[in-house]
Amino acid sequence: MLSEVQLKKIIEKVITEISVGDKVKGPEVDVKAIDETLDDKDVPDITEIDLKAQVLVPNPENLEGLLRMKQSTPARIGVWRAGPRYMTETLLRFRADHAVAMDAVFTDVSEKLLKEMNLFSVKTRCKNKDEYLTRPDLGRKFDEEAIEIIKKSCIKKPQVQIYASDGLSSTAIEANIKDILPAIMQGLEVYGVKVGTPFFVKYGRVPAMDVISEVTEADVTCVLIGERPGLATGESMSAYIAYKATVNMPESRRTVVSNIHKGGTPAVEAGAHIADIIKQMLDKKASGLDLKL
């Protein structure tokens, strides 16, 4: 019977021979050459696959029923399996959608877009994205410098103050702001409503609107903010609207229009709806649960 020391020596010898053999006999792989022969067209974009029309279940008993179910929800239904695990295609799509969600949270709204939309920018007390995610309280507050910028740049005592904020999805602002902001502004113009100066708040939480309401003395304040992304989309935006918002007011005083994205309520349609809600708030001097729509 071999001792432990002898067994270790035999294993080491075999490993050494295998390594040497690989170096001598193994073909050299030119990674660069392989990369150059690959074409993007040869690799399908897995994110372009329509999940609602995709059927991975082999020979489903009720194909029509499965497709109807998939059309009615963004949930991942009928993804099937390989043994006890996800299929490769399902796993890759999951990871791709997760990457989209991560990008939505951790990227910033581009300065080019803000300039194009003529939106000046202020920042909450959060110093960076990490602090924004770990200190929600700082995303509700502004330092004196930011307050002064708002005071100097915005119309005082407007009927409506609208601003955009990255929230938990900068992608939502990038995808929707060009359509939704003009739609709201045009709708309110038709109603003869005086709108304040739109702007952008970086690292903002929803209750930051209460501070802005008090600073601008607006009758109605509306924030267009990126919502927490899921695996269905990273572009979902919501509008939180309140009449005479004040710091530390109850959440029940806010009216919310959510699920604004191309797969939910389109931005232009949502903008017209928001303008109508704001008009009713001004007429009834109420918002949230107090507003009977």
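Within the group GLU144, GLU217, which residue is charged (D, E, K, R), out of contact with any helix residue (DSSP H, G or I) (no Cβ under 6 Å at 6 or more places or on another chain) and at positive phi? Of GLU144, GLU217, the one residue that is charged (D, E, K, R), out of contact with any helix residue (DSSP H, G or I) (no Cβ under 6 Å at 6 or more places or on another chain) and at positive phi is GLU217.
For the range 83-115, a residue qualifies if it is within 20 Å of LYS178 (Cα to Cα), more than 14 Å from the chain's Cα centre (by Cα) and either touching a residue at least 24 places away in the same chain (Cβ under 8 Å) or surrounded by 17 or more Cβ atoms within 10 Å (Cβ to Cβ) (or both), and the qualifying residues are SER110, LEU113, LEU114.
The condition (being at pLDDT 90 or above and either out of contact with any strand residue (DSSP E or B) (no Cβ under 9 Å at 6 or more places or on another chain) or farther than 30 Å from ASN259 by Cβ (or both)) is satisfied by just one residue among LEU66, LEU38: LEU66. Put simply, of LEU51, LEU56 the only residue that is in contact with a Phe, Trp or Tyr (Cβ under 6 Å, 6 or more places away or on another chain), modelled with pLDDT of 60 or more and not in a helix (DSSP H, G or I) is LEU56.
In the range 185-198, the residue that is nearest to the chain's Cα centre (by Cα) out of those that are farther than 11 Å from LYS279 by Cα and of a type in the set (Val, Ile, Thr) is THR197.
Has the range 271-293 got any residue that is under 25 Å from the mean Cα position of the chain (by Cα), among the acidic types (Asp, Glu) and not in a strand (DSSP E or B)? Within the range 271-293, none of the residues are under 25 Å from the mean Cα position of the chain (by Cα), among the acidic types (Asp, Glu) and not in a strand (DSSP E or B). Set side by side, the residues GLY288, GLY271 differ, and just one is of a type in the set (Gly, Ala, Ser) and on the phi > 0 side of the Ramachandran plot, which is GLY288. All conditions in (1) touching a residue at least 12 places away in the same chain (Cβ under 8 Å); (2) closer than 26 Å to GLU269 by Cβ hold for THR216, with the sole exception of (2).
The values are calculated or read from the model by the stated rules, or taken from the named source; none is laboratory data. Keep in mind that this is a model prediction, so the values were computed, not measured. All Cβ positions, even for glycine, are placed from backbone atoms using ideal geometry, and neighbour counts span all protein chains on display.
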